[in-house]
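Read the structure below first, then the notes.
The values are calculated or read from the model by the stated rules, or taken from the named source; none is laboratory data. All values derive from a computational prediction rather than experimental measurement. We place every Cβ from the backbone using ideal geometry, glycine too, and count neighbours over all the protein chains shown. Remember, those area values only see protein heavy atoms, side chains included, never the ligands or the DNA or RNA. Shrake-Rupley method; radii C 1.70, N 1.55, O 1.52, S 1.80 Å.
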Amino acid sequence: MTRWLWWLLAYASLGIGIVGIVVPGLPTVPFVLLAAFAAARGSQRLHAWLLAHRQFGPMILDWEREGAVSRRAKRLAIGRMAACAVVMSLTAPQCGLAATGTAFMAIVATWLWRRPEPRQ
């Protein structure tokens, strides 16, 4: 039963992460990392596929080995968060909603920027 739940979490997280590629404001990287974590416990086949994937594999390996995020990924993520903050500030019905969302993104961006970068 537990293995089945890990499997379900892995595929659900991967699906959300893939949707996040095209939907602004929905992060991709955390969901792909969660998918890899859950797949390691519920689906060895999915975990092996994620590790061998051209785009996801290096990012997952860096995270699993060192808890590291590449500088390019950091810049992309923070840039997208900044763009989403601008869109929220222009479209939110109340100023407080945009400020709250922006504050959360600023916290995540700070945490992300402080992560180590992969050793070469």
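Here is how the numbers come out for the structure above:
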item	result
Count of residues meeting criterion [in a loop (DSSP other than H, G, I, E, B) and either out of contact with any Lys or Arg (no Cβ under 9 Å at 6 or more places or on another chain) or among the aromatic types (F, W, Y) (or both)] in region 29-62	3
Breaking point among (1) under 18 Å from the mean Cα position of the chain (by Cα); (2) open to solvent by 60 Å² or more (accessible area, probe 1.4 Å), for H47	(2)
Scope region 82-96; condition part of a helix (DSSP H, G or I), over 13 Å from G25 (Cβ atoms) and either in contact with a strand residue (DSSP E or B) (Cβ under 6 Å, 6 or more places away or on another chain) or open to solvent by 80 Å² or more (accessible area, probe 1.4 Å) (or both); matching residues	L90, C95
Filtered residues of region 41-98 (kept if of a type in the set (A, V, I, L, M, F, W, C), closer than 19 Å to S13 by Cβ and free of Cβ contacts under 8 Å to residues at least 12 places away in the same chain)	A48, W49, A52, L61
Total residues in region 1-20, condition over 14 Å from the mean Cα position of the chain (by Cα) and more than 14 Å from L33 (Cβ to Cβ)	9
Of all residues making up region 15-44, the number that are of a type in the set (V, I, T) and crowded, with 19+ Cβ neighbours inside 10 Å	3
Test for E117: is it of a type in the set (D, E), without any contact (Cβ under 8 Å) to a residue 60 or more places away in the chain and in a loop (DSSP other than H, G, I, E, B)	yes
Subset of region 54-81 (residues that are open to solvent by less than 60 Å² (accessible area, probe 1.4 Å) and either aliphatic (A, V, I, L, M) or in contact with a Cys (Cβ under 8 Å, 6 or more places away or on another chain) (or both))	M59, I60, L61, A68, V69, A73, A77, I78, M81
Unmet requirement for R65, which otherwise passes all of (1) part of a helix (DSSP H, G or I); (2) closer than 25 Å to A85 by Cβ	(2)
